[in-house]
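The values are calculated or read from the model by the stated rules, or taken from the named source; none is laboratory data. Since the structure is predicted, the reported quantities are computational estimates derived from the model, not experimental observations. A quick note on method: Cβ atoms are made from the backbone with ideal geometry, for glycine too, and the neighbour counts reach across all protein chains shown.
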Amino acid sequence: MTFAALRQTVLQANCLSGDRFGETVEIGAPGSPETKQNVKCKIEHEQLGPRSGRRTNGPGNELIGGTIDTRERIQVTLSRDASWQYSYPTRPAVATPLNRSASIDADRRPFTFRGEVIYEGDQHATYVFERSSRASQGKGVL
C-alpha cells in the first residue's frame, strides 16, 4: 500500500466517517450544479455576527441605515479520490449549492461556494461555503 493510499484510507475511515466527524451532504455535481450528488465531508460551522452599516443606494446617495444582515460560513473538508463514490474530485464552481441533512440543519436554504479555498491537495481539499440572510430591513427598500 502506498503512503497516498494509506492517507486516503485514514481520511475516509476517520475524518469523513459518519461514525466520527463526517456527515453526508448534497453538493451540486461538477459541471452541472443543478444535479446533486452525495458527498461525505467534515464540516466546521462558523456563525458570523450581524453586519450593519451605512450603505448607499442609488444616485441620490440615500442611506440605508439600520439594515442588519447575517452570514453563516462553513469549512468543508472532503476527499478528492475519484475512485471513491462519496468524493468530490474537482474544485466546485462558484455558487455551487450545498445542502446539509435536515436533521443537522433545519434551515433548508443551501450554502453556496464563494470561491474561497483554504486547502487544496491531491488527497483532500477544504473549501468555504456561505449563506446570508437579512435579519432586519432598515430605512429604504432595496
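General remarks:
- Of all residue pairs spaced 6 or more apart or on separate chains, those with beta-carbon atoms under 8 Å, a first member in region 67-91 that is over 13 Å from Gln8 (Cβ atoms) and among the acidic types (Asp, Glu) and a second member that is modelled with pLDDT of 85 or more and crowded, with 19+ Cβ neighbours inside 10 Å are Glu72/Phe111.
- Pair list, Cβ under 6 Å, 6 or more apart: region 35-47 residue surrounded by 13 or more Cβ atoms within 10 Å (Cβ to Cβ), other residue of a type in the set (Gly, Ala, Ser): Gln37/Ala29; Lys40/Gly22; Lys42/Gly22
- Checking each residue in region 42-51 for being modelled with pLDDT of 70 or more and among the hydrophobic types (A, V, I, L, M, F, W, C) picks out only Ile43.
- Conditions (1) over 10 Å from the mean Cα position of the chain (by Cα); (2) surrounded by 12 or more Cβ atoms within 10 Å (Cβ to Cβ); (3) not hydrophobic (A, V, I, L, M, F, W, C): number failed by Arg108: (2)
- Filtered by the rule that a residue be farther than 16 Å from Pro110 by Cα and at pLDDT 90 or above, region 1-41 gives a lone residue, Lys40.
- Within region 18-34, if we keep just the residues that are part of a strand (DSSP E or B) and free of Cβ contacts under 8 Å to residues at least 60 places away in the same chain, the residue that is nearest to Ser79 (Cα to Cα) turns out to be Gly22.
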